[in-house]
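Colleague: One structure, pasted below without further comment.
Since every read-out is calculated from the coordinates, none of them should be taken as a lab result. Just so we're clear, the structure is a prediction, and the values are computed from it rather than from any experiment. Note that we place each Cβ from the backbone using ideal geometry, even for glycine, and neighbour counts take in every protein chain shown.
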Amino acid sequence: MKINILKRAREVLDIESLAIKGLKPRIDKNFERAVSLILKTKGRAIVSGMGKTGIIAQKFSATLASTGTPSLFLHTAEAIHGDLGKVTLDDIVIILSNSGSTREMKQLLPLLKKIGSKIISLTGNPESILAKYSDCVLDVSVKKEACPLGLAPTASTTATLAMSDALAVCLLELKGFKEKDFAFFHPGGSLGKRLLLRVDDIMRKGRENPIVKEEEKVSRVLLKITQARAGSATVVDKNGRLKGIFTDGDLRRHLGIDEKLPKRKIKEVMTRNPTVVYPDMLAVEAMRILEVRKIDEVPVVNKKRQPVGLLDIQDLLKAGLA
């Protein structure tokens, strides 16, 4: 069977986009009630579904959990085989089902009512048994599926996904959920690292942070840099306060034009008053400084301007801040 692939693909997108647009008139008092019920819930938002819609339910539950609404996914069929024990009176159950009339649904709903949980439904059939048992019904019906057979859930799951996203976004705004809160739930992600990771978490310390006195010879400083496997050494005065930094760049600028370089005091060839960062500074801010100044290493100092670490661009890249 031959088809015009590009034409058919565009038709699918048209059908699904129309399905989403068709939801807008249904954003009404029922939607407001659904948001209010979830917001006031003392327990968790238990999101249930099965089949393709169950996958959307899992995504909805994950979105809620990561944006400040405690949630877990409950497979509708598994619920009537033991998992119903996860539901308590304080929870609200959000059920996603296109037909709203499956065999499992008919068994589950009376049990949820017995527990006493409030029920919100996202269904394509506002006259279904699910709708009748629900405290709040959100109509996510579509005129037709993108599937030419009308069998595979396509436009219907897209509409359900969009409606669930609308709920989640309203909830996170009403809860005053901020970037720092999102980062707390995503510490391993790039946003979490940008908002939580500080210079102190990744700077080089101890033996990896060569600190030398300004009177030391260049040859001795180079040995310390090599032993530390670093790209620079921080130079301090007799009181331990920062005076400068000696980097690979400083070495290259003097090497070849100064025969006495190894015997010179480091204070004669170091970079004075270098750029610095602080331990409690966000790592992403420190990276921005290195990028703007076009430098690879920077001393980390405390309030007394005493070196406490060394931050290398490679450390920031390894931390996933690139």
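Colleague: Just check the range 1-125 against the gyration tensor rule for me: Cα atoms, a ≥ b ≥ c as the square roots of the eigenvalues, rounded for a/c under 1.5, and otherwise prolate or oblate depending on whether a/b exceeds b/c.
Modeller: Verdict is prolate for the range 1-125.
Colleague: Restrict the search to the range 39-146; then list the trypsin sites (Lys or Arg not before Pro) that DSSP places in a loop and that have at most 14 other Cβ atoms within 10 Å of their Cβ.
Modeller: 42, 143, 144
Colleague: Would you mind checking which residues have amide H under 5 Å from residue 44's amide H? H placed 1.01 Å from N; only 5 or more apart, or other chain.
Modeller: Amide H neighbours of residue 44: 91, 92.
Colleague: Which entry in [x] 21.2; [y] 24.3; [z] 20.3 is this structure's computed Kirkwood radius over Cα pairs in Å?
Modeller: Given [x] 21.2; [y] 24.3; [z] 20.3, the calculated one carries the label [y].
Colleague: Hey, another quick one. So which trypsin sites (Lys or Arg not before Pro) in the range 267-322 end up in coil per DSSP with only 15 or fewer other C-beta atoms within 10 Å?
Modeller: 294, 303, 304, 305
Colleague: Indicate the helices, whole DSSP H runs only, in the chain that combine a mean Kyte-Doolittle hydropathy of 0.5 or more with a Cα extent along their long axis of 27 angstrom or more.
Modeller: Span-like helices, by this rule, are 155-174.
Colleague: OK, next. Could you tell me how far the Cα centroid of the range 214-283 sits from the Cα centroid of the range 35-54, in Å?
Modeller: 59 Å
Colleague: A further question follows. To the nearest 0.05, how large is the calculated FRET efficiency for residue 252 and residue 152 if R₀ is 45 Å and r is the Cβ-Cβ distance?
Modeller: The calculated FRET efficiency here is 0.10.
Colleague: Do the sum for the chain: with -39,500 (n - 2.57) for every DSSP H run of n ≥ 4, divided by all residues, what is the mean residue ellipticity at 222 nm, to the nearest 500 deg cm²/dmol?
Modeller: For the chain, the value works out to -13000 deg cm²/dmol.
Colleague: Could you work out how far apart the two model spin labels at residue 296 and residue 30 are, taking each label as a point 7 Å from the Cα in the direction of the beta carbon, and quote it in nm?
Modeller: Here the answer is 6.4 nm between the modelled labels.
Colleague: Using θ = phi - 60° and the Karplus form 6.51 cos²θ - 1.76 cosθ + 1.60, what ³J(HN,Hα) does each residue of the range 245-253 get, whole Hz, x for Gly and Pro?
Modeller: So the Karplus estimates, Gly and Pro as x, are 9, 10, 10, 4, x, 5, 4, 5, 5 Hz.
Colleague: If you take every DSSP beta bridge fully contained in the chain, what fraction is antiparallel? Give it as a percent rounded to 5.
Modeller: Roughly 40 percent of the beta bridges in the chain run antiparallel, per DSSP.
Colleague: Could I have the simple spin-label model distance between residue 220 and residue 99, label points 7 Å from Cα toward Cβ, reported in nm to one decimal?
Modeller: Roughly 8.5 nm, to one decimal.
Colleague: If R0 is 30 Å, what FRET efficiency do you get for residue 144 and residue 169 from their C-beta distance, rounded to 0.05?
Modeller: Calculated value: 0.65.
Colleague: Are there GluC sites (Glu not before Pro) in the range 100-163 that DSSP marks as loop and that have at most 13 other Cβ atoms within 10 Å, and which are they?
Modeller: Counting only loop positions with at most 13 other Cβ atoms within 10 Å, the GluC sites (Glu not before Pro) in the range 100-163 are 127.
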